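J.: Got a structure for you, written out below as structure tokens; questions coming shortly.
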Amino acid sequence: MVRVIKLKKGLNLCIEGEAVPGNDKPVTSGEVAVVPDNYVGLLPKVTVKPGDKVKAGSPLLYDKNHETVQVVSPVSGEVVAVERGERRKVLKIVVKADGAGEKVDFGVQDVDRIAPEALRDLLQAAGLWVYIKQRPYDIVADPNVAPRDIFVTAFDNAPLAPRHAYDLLWSSDNRALQVGLKALARLTQGKVYVGIDEEANATRLPDCVEPVVFKGAFPACNAGVQLHHIAPVNKGETVWTLCALDVVFIGRLLLKGSIDLTRTVAVCGSEVAHPTYVTACPGTPVADIVGDNLVPAQHHRRYISGNVLTGVRVMPDGYLDAYHSQITVIPEGDETHDFLGWAMPGLRVLSLSRTFLSRWLPSRCDSNPDARIHGGERAIIMSGEYDKVFPMDILPEYLIKAIIAFDIDRMEQLGIYEVAPEDFAACEFVDTSKLPLQQIVRNGLDLLRKEMC
Amino acid sequence: MKALRKFLDKVKPQFEPGGKFSALQSVFEGFESFLFVPSTTARSGVHIHDAIDSKRTMTVVIIALLPALLFGMYNVGYQHYLAIGALAQTGFWTIFAYGFLAVLPKIVVAYVVGLGIEFIGAQLRHHEIQEGFLVSGMLIPMIVPVDTPLWMIAVATAFAVIFAKEVFGGTGMNIFNVALVTRAFLFFAYPSKMSGDEVFVRTTDTFGIGSGTVVDGFSGATPLGQLATHTGGDLTFTNIVGEPITTLDAFLGFIPGSIGETSTLAILIGAAILLISGIASWRIMLSVFAGGLLTSWICTFADPSTYAAALLSPIEQVCLGGFAFAAVFMATDPVTAARTETGKYIYGFLVGVLAILIRVFNSGYPEGAMLAVLFMNAFAPLIDHCVVEANIRRRMKRAKQINSEEVKL
């Protein structure tokens, strides 16, 4: 019998521009970039210089704190630039693809036989270790700490989520997923839990993992929410979290002996003319992924790698984030000036508040929200707002206040080790006071890590 | 609207630092964001935001206050014409106009003084102007007697805004409800103008309207005032000209009292607006009434010769005085109430209990709702602390269990 966890709290948003599965056209791009900022907690040391030839799987940089943790080139070609910003911070490493498809050979492995130590080394050498994140702190996992358990999230219910990419987990990617999960099971003494949204998919998982079905609105798909309900993290414990789409990479490595970072990527949002799916590897330029698939318009646009709640803003000349399977394009809205907006009945606004008429109408999926904040930043005035969309036994308002005050004891007591910034995305959306909650949590986790290490 | 937008864009540079009117930047931004939704877009975190903001939230509260305010204006006129014995021959609009003219100066004074201080405060700190006082400024005139002098309201409002709010950091940071601090200041500084038989019914004319002489047998005592002086057996409330009043009169609000508090019906309409729109906490509202009704029922067993309020039924208790107004508009202030969901039940219940207890057992204060809410404002953080500690204990216990299991292994 599969365990089913029902979550009542959450945020059910339906917005325009959901991607429709088509022929998943592959995006061929002349260049690919590795952006070290994608990998939170990693201190990059670049090992290549412009002009170096690389294969798919050749290291481009490593983590100064854990030198075996590397980031590799997803394609073969030539390093054309290592761009640095202020204080010589590495902004990106650009690789010009030569189309030859040369790959570093790591050797085909039998997942049932390979020793855990060898598996660890392989994942680090092949640059897949960065896809394993750890709680506490929501950073790239420390290879020297054994995880208590591993949590894999195998569905996404954020707005415009790349559902088709997750559907493939149960069909064409299923073999790689199974092998990847078996590999993870060898890396922990504890259990590997897989969070799914349909009972039926449990049969397509290997026996060594424990499926748990989650029913509920966003953020039910977040690793933080799932692990909180399965086996919460206590002080001193470390668990790993992964997205099932990234587990597929591990499976492919073991099956093929080389890396294949091809993702099925949703191109979605109200600004996209034909929301669809393409295949591309992390670091592909957004411009190549979106192409001319845009609604003709004069206004400013916002390009987001990921979804509208937890994604990161990228410029049109930016790149697909390492962890994302989605590019969302919405109107920026900075040229819109709504007259007396606070007093209008609000027939077509996106809001959870019953002060707008739209909340009383049957829910529709044709709202196309822009990136405006719709108000000024205030102190936390309304109470209980966060709780409505925060499905954990944590008091979000008190935790946020403890983080702002940076009271370490209080943060620990209130559950800072269990959360990631993304868990506060729904709270940030509904917040009347318009506080940047995810930023607050990220800063708090970073500061805390500095204090504790 | 485009012309207005263009004009704003044109004059905006003059209000920015270095401009001619840079000292008025906060004020300008306040008006600009009042006219047009700010077009600032998300810098970090979520890329889309809920359309609700604190301006809209406060606007809904003001809309919810309107039924009680409008009825309050009418009732001011009603009580006046009743006092001069001219009620029958005076039309609805004249009665309303009298009340309107009597109440309007109070609203203007409260807003001018309060918002003036807020504007200065915001500019000094280079903050945006915050909306909190829009509600406080509307509440203040509604919880004072009609004959409270304007200068007193001005002094009390200034005191409350500065010492109950700005010194704590402005909207969202205050511990005590600003409107109630205003009322408490008035109550303790100028008791003769805040209670007694003289202040709740205006007997003179207002801006030349409604002059006349008071009828024989007039007494301006409110029902709770009558209760405080009541001795002996049966209790019958009378209106200001000595006729008996029923519970229905009290429910509808045709009794003397502070301007906005008399009509339980109008307040309940406001409550419906607040609850349907989801702005106020139903937990607090429900538990205030529950606490009040329960305590009133228990108090009916007290000795009526010592405590005359024991003669009142629970329904009469919540219809009289400021109980309903406090339950709906004061206790639900999110900033000063308990903030945890469990805490709200406890907070509200205790507000209800205390309001009735003060009313029944302390003859010095015929009305207890104001003091009950202020008292619980002080205790709300303690209630929340207990709820938060319970959450922390659950987490610590969980960690301990796991650690002890490890030791066994």
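J.: Quick one: in segment A:354-384, which of the residues that are touching a residue at least 40 places away in the same chain (Cβ under 8 Å) and more than 7 Å from chain B (Cβ to nearest Cβ) is farthest from A:L11 (Cα to Cα)?
T.: A:E377
J.: Quick check on B:A280: is it closer than 30 Å to B:I62 by Cβ and more than 14 Å from chain A (Cβ to nearest Cβ)?
T.: Here the answer is no, as B:A280 does not meet what is asked.
J.: Considering only residues of segment A:197-216 that are farther than 16 Å from A:A185 by Cβ and in a loop (DSSP other than H, G, I, E, B), which is most open to solvent (accessible area, probe 1.4 Å)?
T.: Residues of segment A:197-216 that are farther than 16 Å from A:A185 by Cβ, as a first pass: A:197-201, A:203, A:213-216.
Okay, now just the ones that are also in a loop (DSSP other than H, G, I, E, B), so A:197-198, A:216.
Working: A:D197: 55, A:E198: 98, A:G216: 34 Å².
The residue in question is A:E198.
J.: Could you tell me whether any residue of segment A:432-440 is buried (at least 23 other Cβ atoms within 10 Å of the Cβ), more than 8 Å from chain B (Cβ to nearest Cβ) and part of a helix (DSSP H, G or I)? Steps first, answer last, please.
T.: Our first condition is that a residue be buried (at least 23 other Cβ atoms within 10 Å of the Cβ); within segment A:432-440, this holds for A:432, A:437.
Subset that is more than 8 Å from chain B (Cβ to nearest Cβ): none.
Within segment A:432-440, none of the residues are buried (at least 23 other Cβ atoms within 10 Å of the Cβ), more than 8 Å from chain B (Cβ to nearest Cβ) and part of a helix (DSSP H, G or I).
J.: Of everything in segment B:69-95, what is under 21 Å from B:L268 (Cβ atoms) and not polar (S, T, N, Q)? Give them in sequence order.
T.: B:L69, B:L70, B:F71, B:G72, B:M73, B:Y74, B:V76, B:Y78 - these are the residues of segment B:69-95 that are under 21 Å from B:L268 (Cβ atoms) and not polar (S, T, N, Q).
J.: Let me ask another. Among all residue pairs at least 6 apart or on different chains, which show Cβ distances below 9 Å where the first residue, located in segment B:286-311, is closer than 20 Å to B:L227 by Cβ and the second is of a type in the set (D, E) and surrounded by 15 or more Cβ atoms within 10 Å (Cβ to Cβ)?
T.: Qualifying pairs under 9 Å: B:S296/B:E316.
J.: Here's something else I'd like to know. For B:S26, which of the numbered conditions (1) open to solvent by less than 30 Å² (accessible area, probe 1.4 Å); (2) in contact with an Asp or Glu (Cβ under 7 Å, 6 or more places away or on another chain); (3) at the interface with chain A (Cβ under 10 Å from one of its Cβ atoms); (4) part of a helix (DSSP H, G or I) fails to hold?
T.: Checking B:S26 against (1) open to solvent by less than 30 Å² (accessible area, probe 1.4 Å); (2) in contact with an Asp or Glu (Cβ under 7 Å, 6 or more places away or on another chain); (3) at the interface with chain A (Cβ under 10 Å from one of its Cβ atoms); (4) part of a helix (DSSP H, G or I), the one that fails is (3).
J.: Return yes when A:V95 is part of a loop (DSSP other than H, G, I, E, B), open to solvent by less than 40 Å² (accessible area, probe 1.4 Å) and assigned by TED's automatic domain parsing to the domain that holds A:L227 and no when it is not.
T.: Spelling it out, it is not the case that A:V95 is part of a loop (DSSP other than H, G, I, E, B), open to solvent by less than 40 Å² (accessible area, probe 1.4 Å) and assigned by TED's automatic domain parsing to the domain that holds A:L227.
J.: With the requirement that a residue be over 11 Å from B:V373 (Cα atoms) and either more than 14 Å from every other protein chain (Cβ to nearest Cβ) or touching a Pro at 6+ places or on another chain (Cβ under 8 Å) (or both), what does segment B:326-337 give you? First the steps, then the outcome.
T.: Of all residues in segment B:326-337, those over 11 Å from B:V373 (Cα atoms) come to B:328, B:334-335.
Within segment B:326-337, B:V328 is the sole residue that qualifies.
J.: Can you pull out every residue in segment B:246-258 that is open to solvent by less than 50 Å² (accessible area, probe 1.4 Å) and either over 16 Å from B:V201 (Cα atoms) or in contact with a His (Cβ under 6 Å, 6 or more places away or on another chain) (or both)?
T.: Selection gives B:D249 alone.
J.: What's the number of the only condition in (1) within 11 Å of another protein chain (Cβ to nearest Cβ); (2) of a type in the set (A, V, I, L, M, F, W, C); (3) under 21 Å from the mean Cα position of the chain (by Cα) that B:A369 fails to meet?
T.: (1)
J.: With the condition kept exactly as written, say whether any residue in segment B:61-70 is of a type in the set (A, V, I, L, M, F, W, C) and farther than 23 Å from A:A343 by Cβ. Steps first, please.
T.: Residues of segment B:61-70 that are of a type in the set (A, V, I, L, M, F, W, C), as a first pass: B:61-66, B:68-70.
Still in the running and farther than 23 Å from A:A343 by Cβ: none.
No, because not a single residue in segment B:61-70 is of a type in the set (A, V, I, L, M, F, W, C) and farther than 23 Å from A:A343 by Cβ.
J.: Of all residues in segment B:180-232, which are of a type outside the set (A, V, I, L, M, F, W, C), over 30 Å from B:A337 (Cβ atoms) and either in contact with a Lys or Arg (Cβ under 9 Å, 6 or more places away or on another chain) or open to solvent by less than 20 Å² (accessible area, probe 1.4 Å) (or both)?
T.: Result: B:T206, B:G210, B:G220.
J.: Yes or no: B:E316 open to solvent by 10 Å² or more (accessible area, probe 1.4 Å), in a helix (DSSP H, G or I) and either at pLDDT 95 or above or small (G, A, S) (or both)?
T.: No.
J.: Open to solvent by 30 Å² or more (accessible area, probe 1.4 Å), away from every other protein chain (no Cβ under 14 Å) and farther than 30 Å from A:D338 by Cα: does that describe B:G77?
T.: no
J.: Right, here's the next one. Among A:P162, A:P219, which is farther than 15 Å from A:A244 by Cβ and open to solvent by less than 10 Å² (accessible area, probe 1.4 Å)?
T.: The conditions single out A:P219.
J.: Moving on. Among the listed residues A:L399, A:L395, which satisfies the condition of being at pLDDT 90 or above and facing chain B (nearest Cβ under 9 Å)?
T.: Working: A:L399 fails: facing chain B (nearest Cβ under 9 Å).
The match here is A:L395.
J.: On to the next question. Within segment A:223-269, can you find the residues that are surrounded by 22 or more Cβ atoms within 10 Å (Cβ to Cβ), within 14 Å of chain B (Cβ to nearest Cβ) and either in contact with a Phe, Trp or Tyr (Cβ under 6 Å, 6 or more places away or on another chain) or within 25 Å of A:V179 (Cβ to Cβ) (or both)?
T.: A:L227, A:V233, A:V239
J.: What single numbered condition from (1) crowded, with 16+ Cβ neighbours inside 10 Å; (2) touching a Phe, Trp or Tyr at 6+ places or on another chain (Cβ under 9 Å); (3) within 10 Å of chain B (Cβ to nearest Cβ) fails to hold for A:S305?
T.: (3)
J.: For segment A:404-431, how many residues meet the condition of being more than 10 Å from chain B (Cβ to nearest Cβ), of a type in the set (V, I, T) and either under 22 Å from A:A217 (Cα atoms) or open to solvent by 10 Å² or more (accessible area, probe 1.4 Å) (or both)?
T.: Number satisfying all stated conditions: 3.
J.: Which residue, of B:V144, B:V135, is in a helix (DSSP H, G or I) and surrounded by 19 or more Cβ atoms within 10 Å (Cβ to Cβ)?
T.: That would be B:V135, the only listed residue that is in a helix (DSSP H, G or I) and surrounded by 19 or more Cβ atoms within 10 Å (Cβ to Cβ).
J.: Can you tell me which of (1) outside any helix (DSSP H, G or I); (2) closer than 30 Å to B:K55 by Cβ is the one B:R202 doesn't meet?
T.: Of everything listed in (1) outside any helix (DSSP H, G or I); (2) closer than 30 Å to B:K55 by Cβ, B:R202 misses just condition (2).
J.: If you take the residues in segment A:100-119 that are of a type in the set (D, E) and in a loop (DSSP other than H, G, I, E, B), which one is nearest to A:A183 (Cα to Cα)?
T.: Among those that are of a type in the set (D, E) and in a loop (DSSP other than H, G, I, E, B), it is A:D112.
The values are calculated or read from the model by the stated rules, or taken from the named source; none is laboratory data. Only a predicted model underlies this, so the values are computations on that prediction, with no experimental measurement involved. Don't worry about glycine lacking a Cβ; one is built from the backbone with ideal geometry, like all the others, and counts go over all protein chains shown. Accessible surface areas use protein heavy atoms only, side chains included; no ligands, DNA or RNA. Shrake-Rupley method; radii C 1.70, N 1.55, O 1.52, S 1.80 Å.
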